[in-house]
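The values are calculated or read from the model by the stated rules, or taken from the named source; none is laboratory data. None of the values given here were measured: they were computed from a predicted structure. Here the Cβ positions follow ideal geometry from the backbone for every residue, glycine too, while neighbour counts run over all protein chains shown. In case anyone asks, the SASA skips ligands and DNA or RNA and just uses the protein heavy atoms, side chains included. Shrake-Rupley method; radii C 1.70, N 1.55, O 1.52, S 1.80 Å.
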Amino acid sequence: MSVRVGAALAHSNIAFSKYWGKREYVGNYPATPSLSMTLDALTTRTKVAFDPALSADRFFLAGAEQTGAPLVRVSGLLDRLRRETETSEFAEVQSSSNFPAAAGLASSASGFAALALAAVSALGLDWDKARVSDLARRSSASAARSLYGGFVELPAGPPEPTARPLSARSVALPSHVDWRLVIAVAGLGPKAVGSTSGMEETRRESPYYRSWLDLAPGLHEELLDALAARDLPRFGSLAEKSAYAMHASAMAAGVVYFNGVTLEVLAKVRELRAGGLTLFATMDAGPQVKVLCEARDAAAIADALRTVLGVRRVVEARPAEGARAIEASEVSS
Ligand code: DP6
């Protein structure tokens, strides 16, 4: 049999209502619902080639061959797909992103969304987006959201164990609002604790984990409501609340993603707000601060964030379309 090739492009996404914590049964089901925006500025391109001549999967990230945990995670997704489709061939995966991996810029979100779609395309499967989203979720739940564009919701898994599909869904198109996300890069190295282990540590050790789980669904519903009303002040303050509550529960377990620059940027956000600008911060499993604002204020906010000592780079992102299949030649190897 010949080599079967597929390729896909996916954008990363940033959650305003945070997924933090998993159901305690197998299958990577979130314990909280989440709501994100897919971002045009952060892109991953991935090519998958199922090749009968291979004796194991191979994974290249930005041209460098990966072994150990990153390869195991990629093979995990391919294994699930092989089981479902009775395929036995191994694959070579080439992936590259236009932003640093594992630094709290959601590289696993765009990475597993692109991988799932590229692998499904390589096998010529006629799967709908929801099914590809479920496949991506089982590897990294935030990746389920990157299949879709604009604003995207991923529900929590049911409380009782299940093996049923759980996919993300679109709640608003990219054109629904004229909002921007200004990202202040506060550190470039890989994060000390990945989100998977950070969540597990929070669940086991944090005295506030239960409070977080109790708070998250209500916040999520309010965020959906504020989004439908295109109410940035309300949406933004709820998003900040979700981010601070998630981090507070993690910090109480000793899981700290902020660095000194993160705190300086957050102080700048408060200062700009006191000066009359409408802007709100959110942070994930890394030191970066993502600032939500109206499009018309984005340039001034980006300039102000660049003045914070230690900020390495400022990136402006707008709502993007969801993941799509591309030509294999569009992926650099
Ligand atoms: C803080 O999707 O990276 O970015 O499912 O274990 O791969 P796994 O976790 P991951 O967690 C993302 C956590 C977050 C919040 C969010 O994106 O909702």
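For every residue, the table says whether it meets (1) within 25 Å of Arg313 (Cα to Cα); (2) in contact with a Phe, Trp or Tyr (Cβ under 9 Å, 6 or more places away or on another chain).
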site	(1), (2)
Arg203	no, yes
Ser237	yes, yes
Ala245	no, yes
Val261	yes, no
Lys268	yes, no
Leu272	yes, no
Thr278	yes, no
Pro287	yes, yes
Please enumerate the residues belonging to the range 305-320 that are surrounded by 18 or more Cβ atoms within 10 Å (Cβ to Cβ) and not small (Gly, Ala, Ser).
Leu305, Val308, Val311, Val314, Val315, Glu316, Pro319
What residue, of Ala41, Ala7, is away from the ligand (no atom under 12 Å from the Cβ), more than 14 Å from the chain's Cα centre (by Cα) and not aromatic (Phe, Trp, Tyr)?
Ala7
Residues being among the aromatic types (Phe, Trp, Tyr) and open to solvent by 20 Å² or more (accessible area, probe 1.4 Å): count how many of those fall in the range 1-44.
2
Residues that are farther than 27 Å from Ala267 by Cα, outside the structural domain of Ala243 (by TED's automatic domain parsing), within 14 Å of the ligand (Cβ to nearest atom) and surrounded by 19 or more Cβ atoms within 10 Å (Cβ to Cβ): does the range 193-206 have at least one?
no
Mind telling me which of the residues Phe60, Phe16 ends up being within 16 Å of the ligand (Cβ to nearest atom) and assigned by TED's automatic domain parsing to the domain that holds Ser97?
Phe16
Could we say that Thr85 is away from the ligand (no atom under 13 Å from the Cβ) and either open to solvent by less than 30 Å² (accessible area, probe 1.4 Å) or of a type in the set (A, V, I, L, M) (or both) here?
no
Residues of the range 179-214 being at pLDDT below 95 and among the basic types (Lys, Arg), in sequence order, are Lys191
If we scan the range 167-190, do we find a residue that is within 12 Å of the ligand (Cβ to nearest atom) and assigned by TED's automatic domain parsing to the domain that holds Leu135?
yes
